[in-house]
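Take a look at the structure set out below.
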Ligand code: FES
């Protein structure tokens, strides 16, 4: 599915010129800031960034695809990370994931059409005693089961931009 968004190239120009003074050494930080603006890096900005910095488009592309924190696919406003580490697995992480598949109608690694949620898995968040655990953005929620997960997600669903 295609979740095309409008990109404001003037805003990106402004960022590159004013904040980073067209410094090609700042490429990673520029891509971080673009991620901050759109929650991902819209692929159409890559050649534009390359032109502005005077570097080959292939260089921008390779940096944008090298770091796991960067994505060229749209991400949801809310990133739901389900812990699938051993302790959470034993405590029912699979049931949590299955409930989320049903509720959000997406699979792991996907984003809802309304760009509200992206579903991911992570390996141990360091709070195994509270498992199964999920993180939504910066909030951690533990002691979940397949029913209790739903109101947690609804909390974020109700928080419209
Ligand atoms: S295994 Fe899930 S928090 Fe450690």
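Read the figures in this text as sums done on the coordinates, not as results from a lab. Note that this is a predicted model, so its numbers are computed, not measured. Positions of Cβ are backbone-derived with ideal geometry, glycine not excepted, and every protein chain shown enters the neighbour counts.
Listing for the model above:
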{"quantity": "Whole-angstrom gap from segment 134-161 to segment 55-93, using each part's C-alpha centre", "calculated": "19 Å"}
{"quantity": "Protection-proxy order for peptides 108-116, 95-103, each taking the mean of Cβ atoms within 10 Å per residue, highest first", "calculated": "95-103, 108-116"}
{"quantity": "Net lengthening on full extension, residue 150/residue 102 (0.36 nm per residue, minus Cα-Cα)", "calculated": "16.3 nm"}
{"quantity": "Highest average packing first - 145-151, 76-82, Cβ atoms within 10 Å", "calculated": "76-82, 145-151"}
{"quantity": "Computed over segment 78-158: relative contact order in percent, which uses C-alpha pairs under 8 Å that are six or more apart", "calculated": "39 percent"}
{"quantity": "Relative contact order (%) - criterion: Cα under 8 Å, at least six apart; region: the chain", "calculated": "19 percent"}
{"quantity": "Taking segment 77-117 and dividing mean pair separation by its residue count, relative contact order in percent (alpha carbons under 8 Å, at least six apart)", "calculated": "45 percent"}
{"quantity": "At 0.890 mPa s and 25 °C, Stokes diffusion of segment 37-154 via Kirkwood alpha-carbon radius, µm² per second", "calculated": "158 µm²/s"}
{"quantity": "Estimated [θ] at 222 nm from DSSP helical runs (n ≥ 4, -39500 (n - 2.57)) normalised by residues in the chain, nearest 500", "calculated": "-11500 deg cm²/dmol"}
